[in-house]
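Data block below; observations after.
The values are calculated or read from the model by the stated rules, or taken from the named source; none is laboratory data. Note that the structure is predicted; figures quoted are calculated from it, not measured. Here Cβ is always computed from backbone atoms with ideal geometry, including for glycine, and neighbour counts include all displayed protein chains. The accessibility values were calculated without ligands, DNA or RNA, using every heavy atom of the protein model including side chains. Shrake-Rupley method; radii C 1.70, N 1.55, O 1.52, S 1.80 Å.
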Amino acid sequence: MLALVGLALLATISLSVWQLTKGIAKHQERTGYIARLQEEAIEETDYEEQESAYRQLRLRGRYIEDRSFIVGYQRHNQVPGYWIVTPFRTNYGKFLVNRGWLPIQQSFLEIPEFETPHGTVEITGVIWTHKHFQSDRSYDKPGWPKRVKRLNLKKMAEITEAYEDEIRLLADNPGSFTPIQLLVENEPAMHWGYAFQWLLIGGLVVSAYWFFGVRRGEVGNR
């Protein structure tokens, strides 16, 4: 019994240290991302797909006016609405520009009315990456603009032949609506929470052994 308890305690401590280490690494990564948000915008010639996350990016080109995605089920300050994602053509390729949030205008099922700038414009946004994408059959429906249920950059890029990164347009740029909040996921806190849980489990194992094994044995021998 003592050997089993020792192995269980060693396992929980090892798992706790592993999660703690991951939390520290994620904290350093998150700090770096936040610092990137404050840096000067890079030019499109310096952009690297999937490698320039959380950098501001300056683009010069034209919106593809008849190719917008309307992403439903998006909230701003608890108010339901949509995100409008419009491909933006430059000399260095097409970018998926998330122009921001629009509130529901009449009915949630109605396609909202919005304008798209004509001609060549210069815009600045933040490169935002996503790790996971959910399937959504609404992308396969014909016609534009496309009313979709979920943001799926991989599918958007495939349809429009654009880069897979999302460019979140900053305020006061041509074609911008209500800007999306730039919140970096707090993954370090999640890993530190797991580390605490493993330590707690280890403590419960030792407490159970002491109460049911050692303590009861001492009482029985009296």
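Can you tell me which residue within region 81-128, out of those that are assigned to a loop (DSSP other than H, G, I, E, B) and among the hydroxyl-bearing types (Ser, Thr, Tyr), is farthest from the chain's Cα centre (by Cα)?
Within region 81-128, the match that is farthest from the chain's Cα centre (by Cα) is THR120.
Restricting to region 132-184, name every residue that is open to solvent by less than 60 Å² (accessible area, probe 1.4 Å) and basic (Lys, Arg).
Of everything in region 132-184, those that are open to solvent by less than 60 Å² (accessible area, probe 1.4 Å) and basic (Lys, Arg) turn out to be LYS146, ARG147, LYS155, ARG168.
For region 33-80, which positions are outside any loop (DSSP other than H, G, I, E, B) and β-branched (Val, Ile, Thr)?
Scanning region 33-80 gives ILE34, ILE42, THR45, ILE70, VAL71, VAL79.
When only residues in region 136-165 that are assigned to a helix (DSSP H, G or I) and among the acidic types (Asp, Glu) count, which is nearest to PRO87 (Cα to Cα)?
Step by step, filter region 136-165, then rank; the result is GLU158.
Among the residues in region 121-130, are any over 16 Å from LEU182 (Cβ atoms), without any contact (Cβ under 8 Å) to a residue 40 or more places away in the chain and open to solvent by 90 Å² or more (accessible area, probe 1.4 Å)?
No; the residues of region 121-130 include none that is over 16 Å from LEU182 (Cβ atoms), without any contact (Cβ under 8 Å) to a residue 40 or more places away in the chain and open to solvent by 90 Å² or more (accessible area, probe 1.4 Å).
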